[in-house]
Each structure stands twice: as C-alpha cells, then as structure tokens.
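Structure first, commentary second.
The values are calculated or read from the model by the stated rules, or taken from the named source; none is laboratory data. Here the structure is a predicted model, which is why all the values come from computation and not from measurement. Cβ atoms come from the backbone with ideal geometry, glycine included; neighbour counts cover every protein chain shown. These accessible areas exclude ligands, DNA and RNA; they are computed on the full protein's heavy atoms, side chains included. Shrake-Rupley method; radii C 1.70, N 1.55, O 1.52, S 1.80 Å.
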Amino acid sequence: MSTAQRTPVFSCEDLHVYVDEKEIVKGVSLEIYSGEKHALMGPNGSGKSTLAAALMGHPAYRVEGNILLGGEPIGDLPANERARRGMFLGFQYPVAVPGVSVASFLRAALSARRGKDVPVREFRALMDDAFKVLNMPRSFMARYLNDGFSGGEKKRLEILQMMILKPLFALLDETDSGLDIDALKVVSEGINRAAGSETGVLLVTHYQRILNYIAPDAVHVFMDGRVVRSGGPELALELEERGYDWLEPEAARAAGGAR
Amino acid sequence: MTSKERAIADVNTDYLEKYGFHDPEEYLLRTPKGLSHEVVEMISRYKKEPGWMREIRHGALDIFLAKPMPTWIDPSMLAELRFDELYYYMKPLGKLTRDWDEVPERIKKTFDRLGVPEAERKFLAGVSAQYESEVVYHSFRADLEKQGVIFLDIDSGLKQYPEIIKKFFGSVVPAADNKFAALNTAVWSGGSFVYVPPGTKVEIPLQAYFRINSKNMGQFERTLIIADEGAFVHYIEGCTAPVYSSDSLHSGVIELIAMKGAHIRYSTIQNWSTNVFNLVTQRAKAYENAIVEWVDGNLGSKVTMKYPAVILAGEGAHGEVLSIAFAGNGQHQDAGAKMIHLAPNTTSRIISKSISKGQGRSSYRGLVKMTPGATGCKSHVECDALLIGAEARSDTYPTMEIAENDVSVEHEARVSKLADEQLFYLQSRGLSEDQARLMIVNGFIEPFVKELPMEYAVELNRLIELEMEDSVG
Ligand SMILES: Nc1ncnc2c1ncn2[C@@H]1O[C@H](COP(=O)(O)OP(=O)(O)O)[C@@H](O)[C@H]1O
Ligand SMILES: [Mg+2]
C-alpha cells in the first residue's frame, strides 16, 4: 500500500507554541504513519519538550496550528481526551504520585483508554507480559507511581505504560537519556514492539545512541523551535560526527524564511 | 441563606442524601433548653446515679462556668456556638436492647440506612449504637463475654461496675482539663465502657456508632476503655448528624488506660454534617511497655478541635497518632496530637495529614513533651498538608517541651499544593481532571487508609470522593 492512499496516524501543520507571549515552537509540520519510527533530534533548550507537551495538550501552552490524530483534529481536546483517542506521551521527567500504586494507576489508565473497565485477570496477564519484556520485577505493581524510582526505572515504566495502553501514536521525550546499556536495550525492544504493532512513534532525543537499536524511518533535526532538516537514518550519524553547529546556517535560513 | 451558609451547605452536597436525613423529634425526656445545675440534677436523677457521680457532675459544671473559652484558637471559630440555645439531654423513645428487632422502628431505619447492622453482621465483635443522648442498641459476642471482656454502654457500666468506674472515671481527663472536658463531665450521657482482662486479645473490632438526630442538640458521650496487662482491643467509632441550619455540639470525652504490656487501638471516622461543632477530648495513659494508637479521621463538621493524646507513664511505652482531616469550604479542622513522655525509653510517633479544599482551613496543633528523667525517649512527628485551590489554608503549630538531653525528637512538616504537573501526568494517561485529583488525594491519605479495617477504608475512600466531587470553591 502506498503512503499516498493512507492517512498519517499523526500529523501537525505549521504548529506554533507560546509560553506566556514567548514563542518556543515556531512552525513545525510533521507526518507520521502507523508503524513508523521517527526521531526528532535537537540541542538542549531547542523546544523539544515544549513541542511534546503541547501536542499532548498541556494547559500551560497556547498553541496555533492543526494537530490530527488518526485524521481527526484533536487540537481543542484536553489531554485526557487525546489519551483516550490514542495519543501517548512518555515524559522526560515522569512525575511521582505518592500513595498511588502502579497497578491501580495503570488499571485506571487502561480503563480510560478502552472506555470500559478492564477485567482483573486480563489486566494481570497484560502486566505480566510487559514486566517480562522490560525485565522489571512484578513487585513494581505494588510500588507507588514513580515514587523513589531511579531514573532508569522511571523510563522503563513509561515504556511499560505505552505497551499496556497501545496508543496509535507515541511521543517519547528523551526516554533514552540516563539509561545504561541493558536498560537501553530493553527500552528499545519495547519501542520496536510498539511500532511492530502499528503504533507510530516520535522519539525525541539528543543522542544518536538509541538509534542503533531502533532503526528510525526518518530523522528530523530540530533547532530553535523549528525542524531545520529531515532525512533518513544517515542524518543521525552525520549529527553524531559533526554536532549541530554545521546546521546553524540552515537554522538561520529557516528563521529568516519564516519572517 | 446568606452566602456563608450557602458555602457551608455546599461542602458536602451528597451528605444530605446519605446522612443528612432526620427523623421527627420524638423523645421520652428532654431537659429544658440551656445549661444549669437544675439540668445537671435532672440528668443524674433520671439516670438514678449514685451520689458521688452527681457530685462530680455539679463540680464539673462549676468548672465549666468558670473557665474561659479556649484561647489557643481564633475566637471567631467558636463565636457561633451558643451554649444557651442547646438541649443537653434527650432520651429517645424505646429502651436499651440487645435485640435489633426491639429497637424502635424509626431509629432502626436510621441505623439501617447508615449500614450499622450490616457492618455488625459482617465483621464486628460488638456494636453499640447511640441515638441522641442514649445508647439504644447494644450487642456483644457471647464468647468474649465469657472470657470476662466487658463491653457495655457506660450508663449500664456505672450500674454494674461502679467501683471500676469510680476508680478510673476522670483519671485521664479530669474535669478541670479544659472547658469542654468540664462540660462533658457535667452532662455526659452514653458512650462505651470496655474492660479487657489480663492477657485477653479481642481480635475483632468493637464498634460504637453515634448519631445526633435533633436540632440544637448536644451529644456528650463518655467512653472509658481499660486494657489490663497484656490485653489487646481495637475500638472503632463512627459519627453522623443530619444537616440543620442551626448548630449542634458534639463534645465527647474518651479515656483509655493501657496497663503493662497492653495494646489499645482506637479508630475514629467522623463525618459530621457541617453545622456540628466537634470538640472532643481523647486521651490515653500507657503504662510499662504498653502501646496506644489513635487512628483519627475527621471529615465534615463546622469546627473540629481534637488533639488525641498519650501520656507515656511507664518505661518503654509507645504512643501513636495517625490522623487525617479534610476541611472543605467553611470548615475549620483544628486537629493535632499530644505525646507526654513521663518515663524513660518511651517512644511516640505522630503522623498528621490534612487536606484543605476551596476555602477550607486546617491546622496542626501538636505537643511533644519530655519531662526530666525521661531519658532515652524518641519522638517522630510528621505533618503533611495538601492544599487544593488558591484559597485553601493550612497552619502548623508544633510545640516541643524537652527537659532532657538524652532524647531524640524529629519534626517534619510539609505543605504541598496539588501539583499541576501531577494532574497533567495523570490526565495524559486518560484520567479526567476530577479522576486525577481524586487519585492524588487518595494517594495522599493512603498511609492512613491502610491502617483501617477494609470496610472502613472503602467507606473513607467513598467519603473523600464525595468531598472531592464538590466544585472547588
Ligand atoms: N513553562 C515554561 N515557562 C517558561 N519557559 C519555558 C516553559 N517551558 C519551556 N520553556 C522554555 O522553552 C525553551 C525550550 O525548553 P524545552 O522545550 O524544555 O527544550 P528541550 O526539551 O529541547 O531541551 C527553554 O528556553 C525553556 O526555558
Ligand atoms: Mg526536553
């Protein structure tokens, strides 16, 4: 099937994101198809997390431009409604919620995603599988959500949530940072499985390391609020070798062009 | 309704449905409005009490009249409390019975609606149900009775075991302790009397249920629990009242005595309607190696002032207070704990959690005291406040009086706002804002809830859910 006849699972068009009156994301357009893995790479402070949070519907941001999920506009929906329709955000800094067990949280999340309660037995089975893939002990079910978790444990739990919720489209914000090599492998395995079962993935990162394990379909270079260049996996390698500086002129041109 | 009244009525809208109903006021005897020696005399004579108890009552009334209102709180909190407008004793129809079928129909329906008999069938060893001033239903498992455990309404206790009552009544909370302890001592009626013989462990909880039905009613139960050497007992109390526009007063006194090596756990879930002044004195004395735990949940009421205390009188005794308070619009929860270390190597732990929502206000007021000679003592205090909404308020007033060097005292206080980032995280997983908020609050009180028997944990979570459903003011 050619992509021309398909609808992207996710797209945004000329997206601008403002914090107070400051423009952080300055016109971003992306198209991601079901089962594709894209990487969005850019230096610190370029606005990647802002883009991700705004796409998920964070109320602190003002957003201009269209966002489509499965071909439907979702730009006016609150975060929970986007989640129910199949959008997922893996947080760069997952938030602790003391007193709430991983199991009760995830069961509520999955029930919300499905629009009906999940039978206990089925839920258990799903969790067992996911814990196995991510090489985490089942005792995590009873622990309080992200409370006292190490950085690596938090990131694994984000991937675990993605596997359970089976989103149409997953935004993963630096899920690779702070992971040792074993954790990186299991996290990559989780991402590859999700893409294998038709989830579209946008992996936000500033290292090319994880791309050795997940083989992206496309790489976008993101600088100062804009995608300044898009290409195939070879672009990531080039960034690894040369850093971001060589793209400065392109970033400047993009900025100029926008004016 | 004034806007303030509306705000108050708004606090617990579902309260009305579940607990806020009231029966017509029917009674056998009601003392005249207001408080006087005549009223005290009437109560005591009606109950056919021994002369010494009558004297204690009259003496306490004099103390009450002489004592000023508490000075440690904002006087405006109690300004609307009109002692002259209240009825101090009201005897409901019917007589005390062990047979549920004999409880007057209307009262039975009330407790049915509140789920009391059901709870008894399911998991309690004994139940006492008090309506207005008197216990109307009381049951207790025969096997425990055979083992010598006493569980009675306190009026019956006074008739059957006057020597024990005389010895311990007021020994932990003397009438002169505070104005409301004096008031209770003067007009007390109902409450429980529990005695557990040496070495006996009552593994299943005993429960008392308090219900105020009438307007302008004062309820003054008096509970005395004695666990003899090495004994164990868990006592649970629950309270409700209908919603009226005029105020009621609940002012109980609870005295616990844990002898050498004994263990008492006293759990309370109070969910008063928002026109009740809830001013309770709860205090325990723990002898050598005894353990006393207060597990105290305060919801509803207009004003609650409550500081469960443990006097650690014997070496190695341990005291614990685990409490939560929920203050919604128009409510003030002034709660805390006191630990008085009189003996060496005594330990205490206070964990106090409060939630203030809308214009609700909660305060932690605590005292840890270590007297000279109380060496090797340890105390750990943790106060955790959660604020929901910009107008919610929380204050902490910890007092430490430490007269020994060889001790360890830790105090941690945290105030957190229900964080937007927590909300967003949960919402990004599909939970609605209300669901997310409720989940965060339930997580916050989880350390408290897990100390409760399952049935109570479920009930408390449900009550919190009702509180959270009301729009943030
Ligand atoms: N809520 C906010 N308030 C103020 N500034 C913000 C906010 N969110 C992001 N920013 C700013 O936007 C810029 C981009 O940040 P971020 O999106 O975290 O970048 P990245 O994820 O690429 O490192 C930074 O300069 C940051 O300070
Ligand atoms: Mg970032």
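How far apart, in nanometres, would the label points at residue B:79 and residue B:378 be if each is projected 7 angstrom from Cα along the Cα-to-Cβ direction?
Placing both labels 7 Å along Cα→Cβ, they lie 4.7 nm apart.
Using a 1.4 Å probe, how large is the accessible area of residue B:320, given in Å² and rounded to the nearest 10?
Its heavy atoms expose roughly 30 Å² to the probe.
Just round it to a whole percent: the fraction of Cα-Cα distances in chain B exceeding 32 Å. Mind showing how you got there, number by number?
Working: 41187 of 111628 pairs.
Of the Cα pairs, 37 percent sit more than 32 Å apart.
Of the lysine pairs in chain A, how many meet both conditions: Cα atoms under 24 Å apart, and a spacing of 8 or more in sequence or different chains?
Step by step, the pairs that qualify in chain A add up to 23.
May I ask you to derive the relative contact order of chain B, considering only C-alpha pairs under 8 Å and at least 6 residues apart, and to give it as an integer percent?
Value for chain B: 11 percent.
Rounded to the nearest 10 Å², what accessible area does residue B:263 show when all protein chains are kept and the probe is 1.4 Å?
Accessible area of residue B:263: about 50 Å².
Find the Rg to Rh ratio for segment A:1-91, where Rh is the Kirkwood radius over alpha-carbon pairs and Rg uses the same atoms.
Working: Rg = 13.1 Å, Rh = 13.7 Å.
In segment A:1-91, Rg relative to Rh is 0.96.
Within 14 Å, Cβ to Cβ, of residue A:24, how many net charges do the neighbouring residues add up to if Lys/Arg are +1 and Asp/Glu are -1?
Working: positive: A:22, A:26, A:48, A:62, A:226; negative: A:20, A:21, A:23, A:64, A:224.
Summing Lys/Arg as +1 and Asp/Glu as -1 gives 0.
Looking at the protein assembly as shown from every direction and averaging, what is the projected area of its Cα convex hull in nm²?
Averaged projected hull area, Cα only: 37.0 nm².
Using per-residue counts of other Cβ atoms within 10 Å, averaged over each peptide, order B:434-445, A:155-166 from highest down. Don't jump to the answer; show the numbers that get you there.
On the way: B:434-445: 20.7, A:155-166: 23.2.
Packing proxy ranking, top to bottom: A:155-166, B:434-445.
Quantify how strongly other chains surround peptide A:78-85 by giving the mean number of their Cβ atoms within 10 Å of each of its Cβ atoms.
Working: counts 4, 12, 12, 3, 3, 6, 4, 1.
Mean shielding by partner chains, rounded to a whole number: 6.
From Cα pairs below 8 angstrom and at least 6 apart in sequence, can you work out the relative contact order of segment B:392-473, rounded to a whole percent?
With pairs under 8 Å counted, the relative contact order is 22 percent.
Only Cα pairs under 8 Å and at least 6 apart count here; give the relative contact order of chain A as a rounded whole percent.
Reported as a whole number, the value is 26 percent.
With the crude spin-label approximation of a point 7 Å out along Cα→Cβ, what separation in nm comes out for residue B:141 versus residue B:405?
Each label point lies 7 Å from its Cα, and together they span 5.2 nm.
Would you mind giving the mean number of other chain beta-carbons within 10 Å of the Cβ of each residue in A:56-63, as a whole number? Kindly include the intermediate steps, with their values, before the conclusion.
Working: counts 3, 3, 5, 5, 3, 0, 0, 0.
So the per-residue partner count for this stretch is 2.
Distance from the Cα centre of segment B:125-144 to that of segment A:161-195, in angstrom?
58 Å
Quick one: accessible surface of residue B:266, probe radius 1.4 Å, all protein chains present, in square angstrom to the nearest 10.
We get 0 Å² for residue B:266.
What FRET efficiency would be calculated for the residue pair residue B:106, residue B:38, taking the C-beta separation as r and a Förster radius of 35 Å, to the nearest 0.05?
Step by step, r from the Cβ atoms, then E = 0.75.
How much net charge surrounds residue B:64 when only other residues with a Cβ under 12 Å from its Cβ are counted (Lys, Arg +1; Asp, Glu -1)?
Net charge in that neighbourhood comes out at +1.
Inside 10 Å of the C-beta atoms of A:100-111, what's the mean count of C-beta atoms belonging to other chains?
3
What does the charge count near residue B:53 come to, summing +1 for each Lys or Arg and -1 for each Asp or Glu among other residues with Cβ under 14 Å from its Cβ?
Result for the local shell: +4.
How big is the gap, in Å, between the Cα center of segment B:356-431 and the Cα center of segment A:100-114?
29 Å
Rounded to two decimals, what ratio of Rg to Rh does segment B:129-232 give with C-alpha atoms and a Kirkwood Rh?
Value, to two decimals: 0.98.
At 0.36 nm per residue, and after removing the present C-alpha to C-alpha distance, how many nm does the segment from residue A:182 to residue A:253 gain when stretched out fully?
Here the answer is 21.5 nm.
Between the DSSP loop rule and a limit of at most 14 other Cβ atoms within 10 Å, which trypsin sites (Lys or Arg not before Pro) in segment A:1-68 are left?
Here the trypsin sites (Lys or Arg not before Pro) that fit, given the DSSP loop and packing criteria, are A:6.
Give the lysines reachable from residue B:48 as a straight Cα distance under 22 Å; neighbours fewer than 8 places away on the same chain don't count.
Partners within reach: B:33, B:91, B:95, B:159, B:166, B:167.
Among the aspartates and glutamates, which fall within straight-line cross-link reach of residue B:260, defined as a Cα-Cα distance under 14 Å, with same-chain neighbours fewer than 8 residues apart omitted?
Within reach: B:228, B:229, B:288, B:315.
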